[in-house]
Amino acid sequence: MVHDIAIIGAGLAGLSTAKTLRQFGFEVTVFEKEADIGGVWSASRRYPGLTTQNPRETYAFSDWPMPADYPEWPTGAQVQAYLETYVDHFGLRSSIRLGREVTAARPVGDGSGQWTIESRSVADGSVETRTFDYLIVCNGIFSIPAIPPYPGSDAFREAGGQILHTSQFTDPEIARGRNLLVVGYGKSSCDVARACLEVAASTRVVARSIIWKIPKKLANKLNFKHLFLNRLGEGLFRYIEVRGFERFLHGPGKPIRNAMMNSVQGVIARQLRLKEIGLEPDGKLETIARSTVSLVTDGFYEAIGDGRIGFHRGEIAELSPGQARLSDGRTVPADVIICGTGWHQRCDFLDREVLSKVTDDRGNFRLYRSMLPLGVPGLAFNGYNSSFFSQLNAEVSALWIANMLVGGLVLPPEAEQRRYIDSRLAWMEQRTNGKHSKGTNIIPFSVHHMDELLAEIDLRLPLLTRIRQWFVSIDAAEYAGLLPRLLKRHGRPLSTTSTGRK
């Protein structure tokens with residue numbers, strides 16, 4: 001019987017999983033290698049200019065709203081402070097082991113589903129080993145920075161140059177009076193370039209491809225959440241299985257759907273003056289569904305337009321002291337290089353035999369419902385589903401896991417789970433042109449994913465709520481009643497901190 005559970009990672013997924021499982025009566029221990037909680041919001045990983053992409057009511061946990069005095073798009077520091085209050089309110093502090101990195105996680109060899117966890121203290125290197133009944137991996141898909149091995153990087157560094165990932169660039173003073181070269185065109189790259197504009201001697205961005213970005217307010221009036229953070233917004237993109245009104249949008253009503261997308265695309269292009277500054281993407285707006293949806297950084301395009309930020313299409317071909325040669329042959333000054341170049345999706349603490357069952361030969365995670373690997377007892381994942389509503393997906397996934405652990409879910413046969421995994425990976429590969437983050441990207445189908453999980457555990461949102469979500473943005477509070485319903489179903493008491501509405 002499962003009683004004692006290990007959780008790796010104290011970000012959104014780890015915290016919501018720990019809180020949910022504790023309320024079901026499980027003992028949990030959360031291992032976090034950083035000195036504070038928060039995952040991507042940790043002080044050790046916050047780059048200058050970091051804010052949420054979502055407005056606060058869509059990015060909060062369902063039962064713990066963000067403070068009313070937070071701005072609509074909270075800063076990274078505010079999100080981390082909010083998570084600290086979540087931990088304290090729900091009594092999780094004693095369950096979290098900060099500064100302890102899991103170096104090995106091995107299944108006990110008797111087939112019981114138990115796991116032996118080896119962790120190392122970041123402070124003094126001391127090693128502890130302990131056995132748990134179950135392991136849930138919540139280290140996320142943004143935990144191992146990917147920095148390209150640029151030719152000439154050793155000589156560049158020896159001359160005093162610095163090469164950092166955006167998650168390692170936590171102090172803008174590093175760029176003061178120096179030539180800054182930012183690699184990439186995602187939100188983190190644009191945020192860093194804009195945030196350092198006043199301190200760097202020069203600021204340039206180099207990017208291989210140009211993607212569509214979404215303004216916080218379209219035409220400077222309409223909040224993007226009303227178009228993209230609801231069921232209609234998701235319905236504009238074709239899901240793996242089209243149902244209900246979506247059959248109309250991608251069938252007889254497709255001309256209407258196309259006109260809507262083209263209209264929004266035109267508004268964005270004019271608003272950001274993309275043609276004038278040479279940054280209009282080649283493809284259609286609907287390509288935002290292929291990899292990630294990136295919000296416009298305040299002031300970024302204005303700085304491109306007036307020349308304060310230089311922009312180069314291409315990539316770094318070679319580094320030398322104080323400069324970078326780009327793929328177009330141009331040489332630009334560079335003292336600090338910040339790479340918004342993505343992440344490695346890996347679990348280095350799992351041994352080769354386990355990894356061969358968790359991933360395929362291309363590194364894609366093979367997980368039923370983005371959580372369960374086949375043939376590995378006592379192991380689950382949460383947070384391996386990059387989405388618009390990361391915190392809500394983590395909460396709903398935690399409910400699914402809890403329901404499974406207390407015997408409320410009969411899983412389909414392994415062959416059926418395998419067919420599900422195969423079809424999802426093939427679909428993700430096709431629709432994203434291979435940019436599916438090793439099978440972990442569900443953007444822009446966050447609500448679809450949650451609906452499927454809730455249906456499988458018979459815990460759907462009320463019909464009127466689902467209808468309302470077609471027309472207005474998702475409010476996290478709409479999911480607050482799910483946990484009490486599930487606790488009641490299984491005869492578990494509703495603790496005084498089960499719902500934390502302020």
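The values are calculated or read from the model by the stated rules, or taken from the named source; none is laboratory data. The model shown is predicted, which means the values in this text are computed figures rather than measured ones. Cβ atoms come from the backbone with ideal geometry, glycine included; neighbour counts cover every protein chain shown. Accessible surface is based on the protein model in full, side chains and every heavy atom, while ligands, DNA and RNA are left aside. Shrake-Rupley method; radii C 1.70, N 1.55, O 1.52, S 1.80 Å.
Just one residue in the set Val183, Val199 is without any contact (Cβ under 8 Å) to a residue 40 or more places away in the chain, over 21 Å from Phe388 (Cα atoms) and of a type in the set (A, V, I, L, M, F, W, C); that residue is Val199.
Can you find even one residue in the stretch 321-331 that is of a type in the set (S, T, N, Q) and modelled with pLDDT under 95? There is no residue in the stretch 321-331 that is of a type in the set (S, T, N, Q) and modelled with pLDDT under 95. The residues of the stretch 322-359 that are in contact (Cβ under 8 Å) with a residue 24 or more places away in the chain, of a type in the set (S, T, N, Q) and assigned to a strand (DSSP E or B) amount to a single one, Thr359. A single member of Leu453, Leu463 is within 26 Å of Phe24 (Cβ to Cβ), out of contact with any strand residue (DSSP E or B) (no Cβ under 6 Å at 6 or more places or on another chain) and not charged (D, E, K, R), and it is Leu453.
Looking at Asp69, Asp110, just one residue is in a loop (DSSP other than H, G, I, E, B) and modelled with pLDDT of 95 or more, and that residue is Asp69. Pairs under 7 Å by beta carbon, first residue of a type in the set (S, T, N, Q) in the stretch 146-171, partner part of a helix (DSSP H, G or I), six or more apart or different chains? Listed by first residue and then by second, the contacts come to Gln162/Ile174; Thr166/Ser188; Thr166/Ser189; Thr166/Val192.
Residue count for the stretch 12-53 under the criterion of being polar (S, T, N, Q), over 18 Å from Glu101 (Cα atoms), in contact (Cβ under 8 Å) with a residue 60 or more places away in the chain and surrounded by fewer than 24 Cβ atoms within 10 Å (Cβ to Cβ): the result is 3.
Residue-by-condition table, conditions (1) of a type outside the set (S, T, N, Q); (2) part of a loop (DSSP other than H, G, I, E, B); (3) touching a Phe, Trp or Tyr at 6+ places or on another chain (Cβ under 9 Å):
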residue	(1), (2), (3)
Tyr239	yes, yes, yes
Glu246	yes, no, yes
Ala259	yes, no, no
Ser263	no, no, no
Leu274	yes, yes, yes
Ile277	yes, yes, yes
Pro281	yes, yes, yes
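Picking from residues in the stretch 288-345 that are open to solvent by 50 Å² or more (accessible area, probe 1.4 Å) and polar (S, T, N, Q), the one that is nearest to Met261 (Cα to Cα) is Thr292. Residues being open to solvent by less than 10 Å² (accessible area, probe 1.4 Å), small (Gly, Ala, Ser) and assigned to a helix (DSSP H, G or I): count how many of those fall in the stretch 360-418. Of the residues in that region, 4 qualify.
Of all residues in the stretch 450-465, those that are free of Cβ contacts under 8 Å to residues at least 40 places away in the same chain and within 18 Å of Ser62 (Cβ to Cβ) have Cβ atoms under 9 Å from Cβ atoms of residues that are outside any loop (DSSP other than H, G, I, E, B) and open to solvent by 30 Å² or more (accessible area, probe 1.4 Å), 6 or more apart or on another chain, in Asp451/Arg466; Arg460/Asp451; Arg460/Arg466; Leu461/Asp451; Leu461/Glu478; Pro462/Glu478; Thr465/Glu478. Across the stretch 209-225, a minimum of one residue is classified as modelled with pLDDT under 95, in a loop (DSSP other than H, G, I, E, B), within 22 Å of the chain's Cα centre (by Cα) and among the hydroxyl-bearing types (Ser, Thr, Tyr). With respect to being in contact with a Phe, Trp or Tyr (Cβ under 6 Å, 6 or more places away or on another chain) and not basic (Lys, Arg), Gly434 falls outside the description. If you check Asp475, Asp451, Asp422 for being open to solvent by 10 Å² or more (accessible area, probe 1.4 Å) and touching an Asp or Glu at 6+ places or on another chain (Cβ under 7 Å), only one passes: Asp475. Taking the stretch 109-134 as the range and being of a type in the set (S, T, N, Q) and open to solvent by 40 Å² or more (accessible area, probe 1.4 Å) as the test, the residues that pass are Ser112, Gln114, Ser126, Thr129, Thr131.
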